[in-house]
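The values are calculated or read from the model by the stated rules, or taken from the named source; none is laboratory data. Keep in mind the model is a prediction, meaning the values are calculated, not measured. Counting neighbours? That spans all protein chains shown, and the Cβs are built from the backbone with ideal geometry, glycine included. Quick note on the areas: whole protein, heavy atoms, side chains included, nothing else; ligands and nucleic acids left out. Shrake-Rupley method; radii C 1.70, N 1.55, O 1.52, S 1.80 Å.
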Amino acid sequence: MADAERTATAHGAAVEVRGLGLRGSRGWVFRGVEFDAPPGTLVALEGPSGSGRTSLLLALTGRMRTTEGRAGTGGYPLPGRLAAVRRITALGPVPGVSELDPALTVAEHLRERALLRSRYTGPVRALLRPRRERAAVGERIAEVVAAAGLRLEALPKAGRTQARDLERLDALRLSVALALLDEPRLLAVDDTDLGLDSAGRAAVWNLLRTVAAGGTTVLAACAEAPEDVTTVRIGAGPETGAAGTGPSTATATATATATTDGKETCDARDGSGRA
């Protein structure tokens, strides 16, 4: 591996999942999930609405406790080290968990998140140099806005545009920019393709590819993943042939079919589609 590639991938968090399952009051939310994601990998968690893809995202970022199997993110075992995993991961848009405040402007979202991070993670002496700190915050905001492909000048009121007035694609880009302010080793994005046309979906996947190419591991929940993206299918019946697609970085996928009484059957397959 070239030095530049080694530097890029060193930042990302590797993910290892073995027989992971989550059981709720109505039965299994997901079960039998297995895959590996090296640092700096983009992995799509594909499944229909209600398949457990959001819960899987939250579990692998330390925000939900699973009930069977094991996993690890960035070398921290799950569900044993939830707090440690939360410190190295960040959420993009996840409905009901990390939503934008509709009343705040784009600039207010960015400034608030950046200032909070600098207060809690920066050196104490920085508080004695507010002008220099503001300049550093401004530079960091400009960096993540560019990384997320968010063009402030193209918004209806530039940075003064309220979140409620953003188009779906711009709202998603803002959420990703906010997550990148935390300098995560793993970024999780939910509903990646929700409410977008084909051009919008292509733009989002290109953004996530760019983030992953920079060394950050990316997990993206979606209804349908592009063919060239490593895919773990959740909630599809075995008859659909749910082996992983795209570059072979995930060693296995698992499929689970829910029945009306809340039970599920699970079919784990390797990358070739063999049981």
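Descriptive notes on the structure:
- Every residue from region 227-240 that is assigned to a loop (DSSP other than H, G, I, E, B) and either at pLDDT 95 or above or open to solvent by 40 Å² or more (accessible area, probe 1.4 Å) (or both): E227, D228, V229
- Test: residue in region 89-97 that is more than 13 Å from L178 (Cβ to Cβ), in contact with a Pro (Cβ under 9 Å, 6 or more places away or on another chain) and part of a helix (DSSP H, G or I): no
- With respect to the stated conditions, V137 fails to be surrounded by 11 or more Cβ atoms within 10 Å (Cβ to Cβ), modelled with pLDDT of 85 or more and not small (G, A, S).
- Looking at A13, A8, A59, just one residue is within 21 Å of T230 (Cβ to Cβ), in contact with a helix residue (DSSP H, G or I) (Cβ under 8 Å, 6 or more places away or on another chain), modelled with pLDDT of 95 or more and not in a strand (DSSP E or B), and that residue is A13.
- Criterion applied to L178, L194 was being modelled with pLDDT of 95 or more, closer than 29 Å to G62 by Cα and surrounded by 13 or more Cβ atoms within 10 Å (Cβ to Cβ), and the one residue passing it is L178.
- The condition of being open to solvent by 20 Å² or more (accessible area, probe 1.4 Å), in a loop (DSSP other than H, G, I, E, B) and either of a type outside the set (G, A, S) or touching a Gly at 6+ places or on another chain (Cβ under 6 Å) (or both) holds for only one of R23, R65, R31, that being R65.
- Lone unmet requirement of (1) open to solvent by 10 Å² or more (accessible area, probe 1.4 Å); (2) not in a helix (DSSP H, G or I) for L187: (1)
- A Cβ distance below 7 Å, combined with a sequence gap of six or more or placement on separate chains, defines the contacts here; from region 25-43, residues that are on the phi < 0 side of the Ramachandran plot reach residues that are acidic (D, E) and open to solvent by 60 Å² or more (accessible area, probe 1.4 Å) in the pairs D36/E16.
- When region 149-194 is filtered for residues that are over 12 Å from L208 (Cβ atoms) and of a type in the set (V, I, T), only T161 remains.
- Residue match in region 76-87 (condition: touching a residue at least 60 places away in the same chain (Cβ under 8 Å) and not hydrophobic (A, V, I, L, M, F, W, C)): no
- Of all the residues in region 40-51, those that are open to solvent by less than 50 Å² (accessible area, probe 1.4 Å), part of a loop (DSSP other than H, G, I, E, B) and either modelled with pLDDT under 95 or over 13 Å from R209 (Cα atoms) (or both) number 2.
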